[in-house]
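The values are calculated or read from the model by the stated rules, or taken from the named source; none is laboratory data. Since we're looking at a predicted model, the values are computed, not measured. Please note: Cβ atoms are built from the backbone with ideal geometry, for glycine as well, and neighbour counts cover all protein chains shown.
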Amino acid sequence: MELLKGTELTKAYRKKDRKVTAVDRVSFSLQEKEFLAIVGESGSGKSSLLRLIAGLDRPDAGRLYYRGEDYTGKKCGDIGRFLQMVFQDAYSSFDPKMKMLDSVRECGAGKSEEDLRELLKSTGLDEALLMKRPGELSGGQCQRMSIVRALYSGAQILLCDEITSALDVSTQAQIVHVFQQLREERIFSAIFVSHDIALMGELCERIMVMKDGVCVEEGMMQEVIAHPTHDYTKLLIENARKQSF
Ligand code: ADP
Ligand code: MG
């Protein structure tokens, strides 16, 4: 079942006197329970694309569909019922003065305490953390709490923008592990934006490669990593190999 679809999405920004086409006729689809990676170097248009999908920005051209229904140009609030964003900087996505429990509850329409307990367990978080404020949590705990909050909303789709980039390597691995666990449970779909193709290879079954606003290659993750067709994809894979030594 196709959950999300975007057709020929385009977004340009004015940057000084220049027009930058951050997203250039990009089409994509996301199936139920699927994890999709959007990979590319900094400036390739990944965050811009994600913001269009989330309804945070309006595309200049192209359409967006959720379960076949056109939601292009709809308000964020409506879109929030089926889709939630998780950001790179987890701390700033929480109100610093609020207890985690209250922040998380604000999103939990129609969910029970039991659901919340289950989510904390799946993400390896202690219930006692709910009584704390964001500043009292570690970076990894805070990011996991933002994942809990997003899922507690009942949304079936998470959009994750560089969610491990601000974390050290071992905390990154924790977050990847959390998603691998959650993936076993198969309760949601996700789009992960990242510059790190190796990390995405551990997490996602499908990949889109972006360069200068254009999707240059897409396919099943293992297939693309084993047999990349575009030179840019080859370069990303090569660089990732070098870094692992
Ligand atoms: P990525 O997330 O892959 O690093 P972005 O989507 O952030 O890439 O940026 C793609 C291009 O669009 C870059 O050239 C960036 O400078 C430009 N851009 C993104 N957002 C804006 C904005 N709000 N105003 C002007 N230019 C922007
Ligand atoms: Mg970005």
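Key figures for this structure:
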item: Options Ala155, Ala173, Ala150, Ala190: the member that is small (Gly, Ala, Ser) and modelled with pLDDT of 95 or more; result: Ala190
item: Contacts under 7 angstrom Cβ, first residue in the range 218-229 being in contact (Cβ under 8 Å) with a residue 24 or more places away in the chain, partner part of a helix (DSSP H, G or I) and not polar (S, T, N, Q), 6 or more apart; result: Met221/Gly201; Ile225/Gly201; Ile225/Ile237
item: Where a residue in the range 78-91 is in contact (Cβ under 8 Å) with a residue 40 or more places away in the chain and its partner, wherever it lies, is surrounded by fewer than 17 Cβ atoms within 10 Å (Cβ to Cβ) and of a type in the set (S, T, N, Q), with Cβ under 8 Å and at least six apart; result: Gln88/Ser165
item: Scope the range 175-194; condition closer than 13 Å to Ser47 by Cα and surrounded by fewer than 18 Cβ atoms within 10 Å (Cβ to Cβ); matching residues; result: none
item: Close pairs from the range 31-46: first over 15 Å from Phe179 (Cβ atoms), partner more than 8 Å from ligand 1 (Cβ to nearest atom) and of a type in the set (Asp, Glu), Cβ under 9 Å, at least 6 apart; result: Gln31/Glu2; Glu32/Glu2; Val39/Asp196; Gly40/Asp212; Gly43/Asp212; Ser44/Asp212; Gly45/Asp24; Gly45/Asp212
item: Residue check for Glu202: out of contact with any helix residue (DSSP H, G or I) (no Cβ under 7 Å at 6 or more places or on another chain) and of a type outside the set (Ser, Thr, Tyr); result: no
item: Tally of residues being assigned to a loop (DSSP other than H, G, I, E, B) and either of a type in the set (A, V, I, L, M) or touching a Leu at 6+ places or on another chain (Cβ under 9 Å) (or both) across the range 112-131; result: 3
item: Residue satisfying condition, being without any contact (Cβ under 8 Å) to a residue 24 or more places away in the chain and farther than 30 Å from Leu49 by Cβ, within set Glu118, Glu106; result: Glu118
item: Residues located in the range 120-156, provided they are in contact with a Phe, Trp or Tyr (Cβ under 6 Å, 6 or more places away or on another chain) and more than 12 Å from Ile175 (Cβ to Cβ); result: Pro134, Ala155, Gln156
item: Residue that is farthest from Leu49 (Cα to Cα) [pool: residues in the range 202-243 that are in contact with a strand residue (DSSP E or B) (Cβ under 8 Å, 6 or more places away or on another chain) and among the small types (Gly, Ala, Ser)]; result: Gly219
item: Residue among Ser153, Ser170 that is of a type in the set (Ser, Thr, Tyr) and crowded, with 16+ Cβ neighbours inside 10 Å; result: Ser153
item: Flag if Ile157 is more than 16 Å from ligand 1 (Cβ to nearest atom), closer than 16 Å to Glu34 by Cα and β-branched (Val, Ile, Thr); result: yes
item: Flag for Thr164 being within 16 Å of ligand 2 (Cβ to nearest atom) and either β-branched (Val, Ile, Thr) or at pLDDT below 95 (or both); result: yes
